[in-house]
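Here's the structure, in structure tokens; my notes come after.
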Amino acid sequence: MLVAAHSIFFSRGFILRQITFTQIRSFHAVAQEGGFTAASRVLRVGQPTITSQVRALEEYYGIELFFRRGRRVELTPLGQEFYAVTTRLDTMEREAEELLDAAGNFRTGSLRIGAVGPYHVTEMLAATHARYPGLELSVQTGNSQAMLKALLDFRVDVAVLSQIKDDSRLWSTTFAKEPLVLFVLKTHPLAQREAVRLEELSGQTLVLREPGSTTRQAFEQALQQAKITPGAIWEIGSREAVWMAVLKGLGLGVVV
């Protein structure tokens, strides 16, 4: 339920107290339950509090909302009109609560995901959909640099990246650790090997992702540390395009 304190405005030297949700809720409960005692039980506050809230409303506007007959109360004609209004407000308040509660518990809403590739994110999507079937999921892909920027620009809600530097603005966790994989055509001399040493890549033509790719950054760092100089390097903008380039015989590919 919504609870609001008095809003105080200054106008022409007078202090003006505006109607509050607390007063509306108090009136509505009394009208709905048929008395102040019953209303106090529903709202779980003392009866004097309910009485003072309704009285403040009546005194400020100079009106009467209830006919008081001992312990019984009846709505005045104005009270009946006001009760119709507060009923609509109560319905909207409940709708607001349900909307926020559903979103907070992932029963509804949307989740925008940025990913460097489809491999891991599809597994995450399947698990998320199974747990939260009412959540709308959308995915956009790109290299780690582009997806990190999308996350910081609030264009995605979560990002699945190959690598990330410490950043106080972000929370991150490791989902999986994967090795870099070299792949070649079946007709290539290295195709029958179970493992390849870095020095064997010296002078080889490589097909790599664009400079913003963390896969490429990790691979080039390993080459530099081993003092290996490859041959020509083809730059391709997506994982799938790297696969196609290798299939066309343009060079050796490296992926995670």
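The values are calculated or read from the model by the stated rules, or taken from the named source; none is laboratory data. Predicted model, so just to flag it, every value in this text is computed and none were measured. Cβ: placed from backbone, ideal geometry, glycine included. Neighbour counts: every protein chain shown.
List of remarks:
- Candidates in segment 187-207 are the residues that are among the charged types (D, E, K, R) and over 44 Å from the mean Cα position of the chain (by Cα); of these, the one that is farthest from Lys227 (Cα to Cα) is Arg193.
- Exclusive hit being touching a Gly at 6+ places or on another chain (Cβ under 8 Å) and within 30 Å of Ala150 (Cβ to Cβ), set Ala241, Ala245: Ala245
- Selection from segment 120-146 of residues that are under 14 Å from Phe175 (Cβ atoms) and in contact with a strand residue (DSSP E or B) (Cβ under 9 Å, 6 or more places away or on another chain): His120, Val121, Thr122, Met124, Leu125, Thr128, Ser144
- Matching strands (runs of 3 or more DSSP E) fully within segment 22-141 where at least 2 residues are surrounded by 16 or more Cβ atoms within 10 Å (Cβ to Cβ): 72-75, 110-115, 136-141
- Odd one out for Pro133, checked against (1) touching a residue at least 24 places away in the same chain (Cβ under 8 Å); (2) more than 30 Å from Lys165 (Cβ to Cβ); (3) out of contact with any helix residue (DSSP H, G or I) (no Cβ under 8 Å at 6 or more places or on another chain): (1)
- Those strands (runs of 3 or more DSSP E) lying entirely in segment 158-251 with at least 1 residues among the hydroxyl-bearing types (Ser, Thr, Tyr) and surrounded by 15 or more Cβ atoms within 10 Å (Cβ to Cβ): none
- Restricting attention to segment 68-82, the residues that are within 14 Å of Val30 (Cα to Cα), out of contact with any Phe, Trp or Tyr (no Cβ under 8 Å at 6 or more places or on another chain) and modelled with pLDDT of 95 or more add up to 1.
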